[in-house]
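Structure record follows, encoded as structure tokens.
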Amino acid sequence: MTVTVLEVKDDVVRIGIDAPGSVPVNRAELLVELQDSNRDEASPAPDQVDSLRAALRRDP
């Protein structure tokens, strides 16, 4: 894997990464955003929890 500095301008640094296709290359902020999104989607909405709780109380 090779990391190359492509450009430095003010406070911004652009880099290039040359890696085989089998090596995942992800920006940390995108990974965190994806994890947050997945966590939000996996969590039930409060109204869904209330509906399930009510259904379980009715059906022993």
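Every number here is computed from the coordinates shown, using simple stated rules; none is lab data. Note that the structure is predicted; figures quoted are calculated from it, not measured. Here the Cβ positions follow ideal geometry from the backbone for every residue, glycine too, while neighbour counts run over all protein chains shown.
Miscellaneous remarks
- The relative contact order of the chain, computed from alpha carbon pairs under 8 Å that lie at least 6 residues apart in sequence, is 20 percent.
- Stretchable slack from residue 54 to residue 3, in nm (0.36 nm times residue separation minus alpha-carbon distance): 12.8 nm
- FRET efficiency, 1/(1 + (r/R0)^6) with R0 30 Å, evaluated for residue 43 and residue 22 via beta carbons: 0.40
- Each residue in 22, 43 was given a count of other beta-carbon atoms within 10 angstrom of its own, and listing them fewest first yields 22, 43.
- Here the 3J(HN,Hα) profile of region 36-49, calculated from phi with Karplus coefficients 6.51, -1.76 and 1.60 at θ = phi - 60°, is 4, 5, 5, 5, 4, 5, 7, 8, x, 6, x, 5, 5, 5 Hz, Gly and Pro shown as x.
- Residue-averaged 222 nm ellipticity for the chain, from DSSP H runs of 4+ at -39500 (n - 2.57), nearest 500: -15000 deg cm²/dmol
- Three semi-axes describe the equivalent ellipsoid of the chain; taken as square roots of 5 times the Cα gyration tensor eigenvalues and ordered largest first, they are 47, 15, 4 Å.
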